[in-house]
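The values are calculated or read from the model by the stated rules, or taken from the named source; none is laboratory data. Keep in mind that this is a model prediction, so the values were computed, not measured. Here Cβ is always computed from backbone atoms with ideal geometry, including for glycine, and neighbour counts include all displayed protein chains.
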Amino acid sequence: MTTSSQSTVTIRVLLFARYAEALGDNALVLTVSSPATLASVIKLLRSRPGGEILPERPLCAVNLVQARLDSPVEAGDEIAVLPPLAGG
Amino acid sequence: MSFLRDEPLDLSRLIVSVSAPERGAVACFVGTVRDHHEGKSVIRLEYSAYRPMAEVECDRIVAEARSRWDADVALEHRTGVLEIGEAAVAIAAAAPHRGAAFAACRYVIEEVKRRVPIWKREHYADGTIGWVEPSQARRPPVGQTAGDASLGPVDSTSQDDWAV
């Protein structure tokens, strides 16, 4: 299989608070191999400048619902990577 | 109706909204901005949120409390810049009797801390600014159920805390 035949998916990721500061933006558009999971998105984020601040297993949400790292992600999903919560 | 508010919270309005002739008990909780954190003097706080998810999660928490204790519950959380002493979160829970009212109120604040995507940044008297992260010391041992209101403060840090 050649690289060009490998399908990819473009995903928009929202970042907040400390993570947004570290990665320099509160929204990033990433291209990952398909089929993709939340874990592959996190791995790519951690390889970017500033991404080392992310833990291996950060809190995440897909389409406003708490999600596990093995959750599949598709184009159009709203992915959010959440720093430790501090409400209240 | 919106759970996140940019303007000062009004507890009396929340109390009125949950009061009813058959509910003889109203329990309230107000979390206010403290002037210190881990030995540093705090002059103000800044709350930010993942608003759409925070609204959905607050709605779920309130619905859970209502059905579990046959209570009516009102909840609001501030966003933006808050001065010392200002209310950051306000909860009113009304039930026929005090046990259910207290339990519902406690459940809501603990679940807000555990599940609602809100962050705070402290401005210190020495001019520095820092994101507040839950202290490891206050977190329960692994394996305890975070939904148990008797546990006290529970904040979510990683995947393992949500157990989704």
Which number in (1) over 20 Å from B:TYR50 (Cα atoms); (2) among the small types (Gly, Ala, Ser); (3) in contact with a Leu (Cβ under 6 Å, 6 or more places away or on another chain) marks the one condition that A:SER7 misses?
(3)
Could you tell me which residue of the stretch B:35-71 is farthest from the other protein chains (Cβ to nearest Cβ), considering only residues that are surrounded by fewer than 21 Cβ atoms within 10 Å (Cβ to Cβ) and acidic (Asp, Glu)?
B:ASP70
Name the residues in the stretch B:59-106 that are of a type in the set (Gly, Ala, Ser) and outside any strand (DSSP E or B), would you?
B:ALA63, B:ALA65, B:SER67, B:ALA71, B:GLY85, B:GLY99, B:ALA100, B:ALA101, B:ALA103, B:ALA104
Filter result (of a type outside the set (A, V, I, L, M, F, W, C), more than 19 Å from B:ASP72 (Cβ to Cβ) and in a loop (DSSP other than H, G, I, E, B)) within the stretch B:1-58:
B:ASP6, B:GLU7, B:PRO8, B:ARG34, B:ASP35, B:GLU38, B:GLY39, B:TYR50
Test for A:ILE79: is it touching a residue at least 40 places away in the same chain (Cβ under 8 Å), among the aliphatic types (A, V, I, L, M) and on the phi < 0 side of the Ramachandran plot:
yes
Please enumerate the residues belonging to the stretch B:1-34 that are surrounded by 12 or more Cβ atoms within 10 Å (Cβ to Cβ), over 20 Å from B:ALA63 (Cα atoms) and in contact with a strand residue (DSSP E or B) (Cβ under 6 Å, 6 or more places away or on another chain).
B:LEU9, B:GLY31, B:THR32, B:VAL33
Pairs only if they're at least six apart or on different chains, beta carbon under 9 angstrom, first in the stretch B:66-78 and on the phi > 0 side of the Ramachandran plot, second of a type in the set (Gly, Ala, Ser); list them, first residue then second.
B:ASP70/B:ALA95; B:ASP70/B:ALA100; B:ASP70/B:ALA104
Output for the stretch A:43-66, where each listed residue is closer than 23 Å to B:TRP131 by Cβ and at the interface with another protein chain (Cβ under 10 Å from one of its Cβ atoms)
A:PRO55, A:GLU56, A:ARG57, A:PRO58, A:LEU59, A:CYS60, A:ALA61, A:LEU64, A:GLN66
Return the only residue of B:LEU14, B:LEU4 being within 15 Å of A:GLY88 (Cα to Cα) and at pLDDT 95 or above.
B:LEU4
Can you find even one residue in the stretch A:78-88 that is part of a strand (DSSP E or B) and over 30 Å from B:ALA90 (Cα atoms)?
no
When only residues in the stretch A:8-26 that are in a strand (DSSP E or B) and either loosely packed, with under 13 Cβ neighbours inside 10 Å or modelled with pLDDT under 95 (or both) count, which is farthest from the other protein chains (Cβ to nearest Cβ)?
A:THR8
